[in-house]
Every structure is written in structure tokens, then in C-alpha cells.
Amino acid sequence: MMPVRSVLASLIALFVAGAAAAKEGGSFVVSLGRDTTSVESYVRTDVRLDVDQIGRAPRVLRRHFIYDFAGGAITHLSMVVAPPLSTKPTQTIDATFTADSMIMKTHSGDAPVQEKHMAMPAGTVVVASSSPWAMYEGQTMNLVRSKADSLRTTMYFLGAGNTDWLSLHKAGRDSVYLMNGHLDQYHLRVDRDGRILGVLPVAGTAKVSVQRVESLAMDDFAASFVALEQQGAGLGVLSPRDTVRVESAGGAELWFDYGRPAKRGRAVFGGIVPFGELWRTGANAATQFKTDRALDFGGTVVPAGFYTLWTIPSASGWKLIVNGETGQWGTEHKAVKDLYTINMAVSALPPTVERFTISVEPNAQGGVLNLDWDTTRASAAFTVRQ
């Protein structure tokens, strides 16, 4: 018979081995074109997910997330945000989840604590837009374990005013398509257990790619990102907002407000901006346009007013769509509000334009509207109605 001490030692060894097996981790490198936008490492158990993330836009910040679970449902979340070289948080979030609600307390800088109460069904997937990948991975692992072909659940983006949805669909033995209510779409490459190995963007605003690595020296990345920022090589706002004012194009005063995404080494038209699909003509919020005079685009007359501009690019020619709704996000196009469709000519630009640019070449009768990005120019001439 085995001595009691040996039995106990064997049981302890088995317990330790089981605990080690239940604990796993990994790291992700997130890129936008040629630029690394963030890195993160995580440790996961059945009852806790611990994520350490460093993001570079609009400035370098380090975020630490702790998600607590019971029976697969989130019960508590904490987030601490601080500059990498500081011990003073710029923001903290503490959220508690019950069977039907969430209570979240947010403390930003020296401002008073803000408390939010929301109805939220049990099992809601809670993600931070800055660092969703470990939480998304939890769902891809659930999908693989379930043996089902798809999974749909309620999702909440941290800080949003409402819940949304998350949908996963198997596309093969090692592929999953992910979509959410923000209309982000990704193709995920996964291993046999559902762990994310890589991510490629398909559609939506956040067209980042993700690569899994075994481990990351997070402190080294933090120091490197801070050094780049101090040298003036930080990422800043990924798609800064800009305005164009034209005091007189044939007597008309024009104004444009738009987001300016960058090429970042990517193929733009026919790539991150697909041919034949509606584009927001910029980034983030919809591109806005004002004119104080009626403009004639080759027989299509756009009256004086306030509009949003959308486009449908193609290799041979573009369509410029003038929409009557303003102030909406760039994914919230309503075709019923479309007012005018204008043909645009396409030409090649010898120098590459790194950041999307809207400009007007004015003349005595009107001018030419130009949309430039990468090596492509789309243009539409107009005259001012007297």
C-alpha cells in the first residue's frame, strides 16, 4: 500500500498540474497597415481574464483589465488606464454585473465619479474597443466547444449607452467570421480549440489586423512607444478630422468636414476601400458639405444647403452621392435620404497621397472637386448657378 504522505503528494501534484492546465495565456500584436497600433498580453482561467494592453493612439496609454466570471458569465470588471511611465491613473472603471443589469463607476482625472446603471442580460459579452481580442477569443473558444456552426449573443462596448450584438460563424476547420453591431467584420484564423491565431479585416471602421505571438516584453514595448512619441513619431489620431473652406468658387462659398485616414502601406481602392461598395468618403463620422449657392455638376443641380457626401468607387469611374442627412456616423448611411448621384472621373496621381484629401480647384465659373488618396484622384467639375 502506498504511504499516506505519498498519496497526498500525488494528489497535490495532480491538483497543481490541473490548475496549471486550466491557466493559459497569449499575446496579440495589432496593426493598421504597416503601423503597430497596440500590443497586449493576457492570462485566462475559468473564472478570470487578466489583460495588459498598451495602445499608441491618440497617445501612448497602458490599460489593465480584470474580468471576473462565474458560470461563464461576467460578474465584475475593472479597468485602470495610465501613461506607461506614470503611477497615476488617468481613468478607472469598476463595473458589477447581476443577472439583469450593470452598475458601472467611471473616474476620469479630477472629475467626479460618474455612475451608470443599465439593463443587461446575463452572459453579455463585455469588450473594450481598445482591447477586444481576448474577449473575442473567449467566444471563438465557446463556438468550437459547442460544435455549432454559429453563435450569436448580446455584446456591450464598454462606455456605450446601449447593448449590441456579436455574431460568429464557422467558415472552415480553422476559420471563423466575426461581426458585431458596429458593422465591424473580421476573418479569424483559429486553432483546434478556438484560440485566435490571426485576424484580417473584412469591413467596418476598425480595419486592423492581429497576429498572435507566444509572449511580449510589455515593459520594453512601453518604453519604445514612449520614446517614439517623444521624438515626434507617435501615431496621434489615426484619422484626424479636417475642414476645407473655399471662399469663392465661381462666387460660391464651400465647406467640407471629414476624417482623413492614412494609407499606411496598404492597398487602398480595391483593397481597404472595396470597389462597388458605398464608402463614407473619409473616416469615422460622415463627411459633411455645405454650399451657399446652387452647384451644377454636369446637369445635376445641388441646391444651396447642408449635406453629407458618400461615394461608390470603381476602377473606371466613381459615383458621388449627396445625402440630405447630417451629423451621423459614417456607417449609418440611409439610402432613403440620398438626393443626388453624380459621376466622377478617375485619374492616376504620379505621387502617392498618404492621407485622404479633399480639395477644390476654383475658377471663375465654379471649380473642380477632387478626392485624392494613394495614387487615385476622383474629380467632378461644377458650375455655380447664377
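Read-outs throughout are calculated quantities, based only on the coordinates presented, and are distinct from any laboratory measurement. All of these numbers come straight from a predicted model, not from anything done at the bench. Using ideal geometry, Cβ is built from the backbone for each residue, glycine included, and neighbour counts are taken over all protein chains shown.
So here's what we get for this one:
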item: Computed label-point distance, nm, for sites Thr300 and Val202 using a 7 Å Cα→Cβ extension; result: 3.0 nm
item: Segment Arg34-Ser248, extension gain: residue separation times 0.36 nm, minus the distance between their alpha carbons; result: 73.1 nm
item: Within straight-line cross-link reach of Lys170, lysines at Cα separation under 27 Å, skipping those fewer than 8 residues along the same chain; result: Lys23, Lys147, Lys207
item: Label-point separation in nm, Ala70 to Asp174, each point 7 Å along Cα→Cβ; result: 4.0 nm
item: Bridge type composition, segment 127-274 - antiparallel percent by DSSP, nearest 5; result: 95 percent
item: Antiparallel content of DSSP bridges confined to the chain, in %, to 5; result: 95 percent
item: Those residues of segment 73-89 whose amide nitrogen sits under 17 Å from the label point placed on Ser224, 7 Å along Cα→Cβ; result: 84-85
item: Under 19 Å from the Cα of Lys105 - lysines, other chains or at least 8 residues apart; result: Lys88, Lys116
item: Student exercise, the chain dipole from Lys, Arg, Asp, Glu Cβ charges, in Debye to nearest 20; result: 500 debye
item: Residue-averaged [θ]222 nm for the chain, counting only DSSP H segments that reach four residues, each worth -39500 (n - 2.57); result: -4000 deg cm²/dmol
item: Cβ-placed point charges (K, R +1; D, E -1), dipole of segment 168-238 about Cα centre in debye, nearest 20; result: 440 debye
item: Spatial separation of Cα centroids for segment 93-147 and segment 257-325, in angstrom; result: 35 Å
item: FRET efficiency, Arg152 to Ser316 (Cβ-Cβ, R0 45 Å, nearest 0.05); result: 0.70
item: Normalised contact order of segment 247-326, rounded percent, pairs of Cα under 8 Å and 6 or more residues apart; result: 28 percent
item: Glu24 paired with Gln114, simple spin-label distance in nm, labels 7 Å along Cα-to-beta-carbon; result: 3.7 nm
